[in-house]
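The values are calculated or read from the model by the stated rules, or taken from the named source; none is laboratory data. Computed from a predicted model, the values in this text were never measured in an experiment. In this analysis, Cβ positions are derived from the backbone assuming ideal geometry, glycine residues included, and neighbour counts consider all displayed protein chains.
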Amino acid sequence: MGFAMAASVTLSGLTRRFAGAPRPAIEGLDLVVAAGETVVLVGPSGCGKSTTLRLVAGLDRPDSGTIAIGDRDVSRVPPQDRDVAMVFQGYALYPHLRVRDILAFPLKMRGVARAERRNRVAATAELLAITELLDRRPSELSGGEQQRVAMGRAIVRRPEVFLFDEPLSNLDAALRSVLRVEVGKLLSTLEATALYVTHDQTEAMTLGHRVAVLRAGRLEQIDTPRRIYEAPASTFVASFFGTPPMNLLDAARHGEKVRVGGVTVASPPTDSGRLVCGIRPEHLGLVGDDHRGSALTGTVASIELHGAESHVTVAVPGGGVRLKVAGFAPPSPGDRVRLAFPPEALHWFDATSERRL
Ligand SMILES: Nc1ncnc2c1ncn2[C@@H]1O[C@H](COP(=O)(O)OP(=O)(O)OP(=O)(O)O)[C@@H](O)[C@H]1O
Ligand SMILES: [Mg+2]
């Protein structure tokens, strides 16, 4: 059931300002999702993710800017003529219908003949492993099964573009991780074009060919998951990804050198005097007093045990940093520790613009 028809989605200068709002919900958004690509939209609550999807679906109109699907400008096209399917968070299924009829409904609405409907429902059910559920009603399904039926309802009519708005967020953690893998497989099987909204960073990293980070209605960075993680464009992006996220410390430049966390390191090439230094928790390692080379010195403030690893918070001059230590044998609160890091693992940001240097 491939999608020969997958089409790109192009947002140009998209702006939506709700009446009485202090700032636009989204502003000047430029974004291209290539045919067959999954772009994951992430960002904190209220940054404009759902607003963006609703505009693409045609459920809302932009104040300015355009939306194209393939090379067709759909800005003024009603939702039912856009060939877009949307899966909402906690999507409500018709309680009185059997799964078979829920899946067939969107096809019936479009005048697909009975035999063809039956074939498509069967193929979709097989793809989602819900064949044995076809004669049940939603009240007889688990949350995860209902979610799969909701996906099926979107998939069954083979739209050009899929829109997902936090489709897994109302599920428990275990089920979410199972379905996350299934959704990933599904998207690559279908070779569909998809815009997928989440504020779960694991979903973003694992499902997106590219990740778009929104901040207060504006695009902060769009890049591959790897680039987002290894070269975040700003302190905002840096602190959004990673568990724990990147450590950020204020730093001051003195000529060729920078003072940060009580140590002196080589300055990045910049005229800026006030800097922010970023370091990922996995790049900090406990070392003994005999360590040669740069190391932060501080006092252990707190410990979180996660099983495979422990997260240790250490107070250092000018702030706190977190690092990961394997297993259940971290140092204890109050211990003095030294933390080494490879100099090339440091990220530098301008303190004023918050942008990567
Ligand atoms: N119909 C509306 N009328 C007025 N303001 C709205 C409307 N819909 C959304 N907003 C506002 O627009 C901004 C963006 O909302 P949106 O729903 O797009 O956020 P979101 O990124 O999806 O957040 P969440 O992660 O909480 O779902 C918010 O400030 C919200 O209050
Ligand atoms: Mg939302």
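Given the criterion of a type outside the set (S, T, N, Q) and assigned to a loop (DSSP other than H, G, I, E, B), identify the matching residue among Leu107, Leu97, Leu103.
On the way: Leu107 fails: assigned to a loop (DSSP other than H, G, I, E, B); Leu103 fails: assigned to a loop (DSSP other than H, G, I, E, B).
Selected residue: Leu97, the only one of Leu107, Leu97, Leu103 that is of a type outside the set (S, T, N, Q) and assigned to a loop (DSSP other than H, G, I, E, B).
Can you find a residue in region 280-288 that is in contact (Cβ under 8 Å) with a residue 60 or more places away in the chain and within 26 Å of the chain's Cα centre (by Cα)?
Initial filter on region 280-288 (in contact (Cβ under 8 Å) with a residue 60 or more places away in the chain): 280, 283.
Now restrict to residues that are within 26 Å of the chain's Cα centre (by Cα): 280, 283.
There is at least one residue in region 280-288 that is in contact (Cβ under 8 Å) with a residue 60 or more places away in the chain and within 26 Å of the chain's Cα centre (by Cα).
Residue under question is Ala315, and the condition is that it be in contact with a Gly (Cβ under 8 Å, 6 or more places away or on another chain), surrounded by 13 or more Cβ atoms within 10 Å (Cβ to Cβ) and farther than 22 Å from Pro232 by Cα; does it hold?
It is true that Ala315 is in contact with a Gly (Cβ under 8 Å, 6 or more places away or on another chain), surrounded by 13 or more Cβ atoms within 10 Å (Cβ to Cβ) and farther than 22 Å from Pro232 by Cα.
Is region 187-209 home to any residue that is under 18 Å from Ala35 (Cβ atoms), touching an Asp or Glu at 6+ places or on another chain (Cβ under 9 Å) and of a type in the set (D, E, K, R)?
No, region 187-209 contains no residue that is under 18 Å from Ala35 (Cβ atoms), touching an Asp or Glu at 6+ places or on another chain (Cβ under 9 Å) and of a type in the set (D, E, K, R).
Return only the number of the condition from (1) over 20 Å from Ser239 (Cα atoms); (2) at pLDDT 95 or above that Leu323 does not satisfy.
Against the list (1) over 20 Å from Ser239 (Cα atoms); (2) at pLDDT 95 or above, Leu323 comes up short only on (1).
Given the options Leu219, Leu249, Leu195, name the one that is part of a strand (DSSP E or B) and touching a Cys at 6+ places or on another chain (Cβ under 6 Å).
Leu249
Can you tell which of Ala122, Ala129 is over 21 Å from Leu53 (Cβ atoms), among the small types (Gly, Ala, Ser) and not in a loop (DSSP other than H, G, I, E, B)?
Ala122
Being within 29 Å of Val33 (Cα to Cα) and under 26 Å from the mean Cα position of the chain (by Cα) is the requirement here; does Val121 meet it? It would help to see each step written out before you state the result.
Numbers: within 29 Å of Val33 (Cα to Cα): yes; under 26 Å from the mean Cα position of the chain (by Cα): no.
Considered against the rule, which asks whether it is within 29 Å of Val33 (Cα to Cα) and under 26 Å from the mean Cα position of the chain (by Cα), Val121 comes out as no.
Before we move on, is Gly46 on the phi > 0 side of the Ramachandran plot and within 16 Å of ligand 2 (Cβ to nearest atom)?
Details: on the phi > 0 side of the Ramachandran plot: yes; within 16 Å of ligand 2 (Cβ to nearest atom): yes.
So Gly46 passes the test.
Every residue in region 24-47 that is over 15 Å from Asp200 (Cα atoms) and assigned to a strand (DSSP E or B), please.
Ile26, Glu27, Gly28, Leu29, Asp30, Leu31, Val32, Val33, Thr38
Just one of the numbered conditions (1) at pLDDT below 85; (2) buried (at least 21 other Cβ atoms within 10 Å of the Cβ); (3) more than 20 Å from the chain's Cα centre (by Cα) is not true of Pro159; which one?
The single condition Pro159 does not satisfy is (1).
Out of Glu282, Glu304, Glu256, report the one residue that is of a type in the set (Asp, Glu), surrounded by fewer than 16 Cβ atoms within 10 Å (Cβ to Cβ) and touching a Lys or Arg at 6+ places or on another chain (Cβ under 6 Å).
Glu282
Filtering region 205-216 down to residues that are assigned to a strand (DSSP E or B) and in contact with a Phe, Trp or Tyr (Cβ under 7 Å, 6 or more places away or on another chain), which residue is surrounded by the most Cβ atoms within 10 Å (Cβ to Cβ)? Spell out how you get there, then give the answer.
Step one: filter region 205-216 for residues assigned to a strand (DSSP E or B), giving 210-215.
Pick out the ones that are also in contact with a Phe, Trp or Tyr (Cβ under 7 Å, 6 or more places away or on another chain) and you get 213, 215.
Details: Val213: 25, Arg215: 16.
Of everything passing the filter in region 205-216, Val213 is surrounded by the most Cβ atoms within 10 Å (Cβ to Cβ).
Which of the following residues is over 23 Å from Val181 (Cβ atoms), within 16 Å of ligand 1 (Cβ to nearest atom) and among the small types (Gly, Ala, Ser): Ala216, Ala233?
The unique qualifying residue is Ala216.
Can you pull out the residues in region 186-200 that are buried (at least 24 other Cβ atoms within 10 Å of the Cβ) and among the hydroxyl-bearing types (Ser, Thr, Tyr)?
Thr193, Tyr196, Thr198
For Ala68, indicate whether it is more than 16 Å from ligand 2 (Cβ to nearest atom), modelled with pLDDT under 90 and within 29 Å of the chain's Cα centre (by Cα).
On the way: more than 16 Å from ligand 2 (Cβ to nearest atom): yes; modelled with pLDDT under 90: no; within 29 Å of the chain's Cα centre (by Cα): yes.
Taking the combined requirement at face value, the residue does not satisfy it.
Out of region 182-200, which residues are touching a residue at least 24 places away in the same chain (Cβ under 8 Å), on the phi < 0 side of the Ramachandran plot and either more than 13 Å from ligand 1 (Cβ to nearest atom) or of a type in the set (Val, Ile, Thr) (or both)?
Result: Glu182, Val183, Leu186, Leu187, Thr189, Leu190, Ala192, Thr193, Ala194, Val197, Thr198.
For region 136-191, name all the residues that are of a type in the set (S, T, N, Q) and within 16 Å of ligand 2 (Cβ to nearest atom). Reasoning before the result, please.
Residues of region 136-191 of a type in the set (S, T, N, Q): 139, 142, 146-147, 169-170, 177, 188-189.
Passing the criteria: Ser169, Asn170.
Counting only residues that are of a type in the set (A, V, I, L, M), more than 15 Å from Arg16 (Cβ to Cβ) and in a loop (DSSP other than H, G, I, E, B), how many does region 48-80 have?
Going through region 48-80 one residue at a time, the tally reaches 2.
Which is away from ligand 2 (no atom under 16 Å from the Cβ) and among the basic types (Lys, Arg), of Arg253, Arg215?
It is Arg253.
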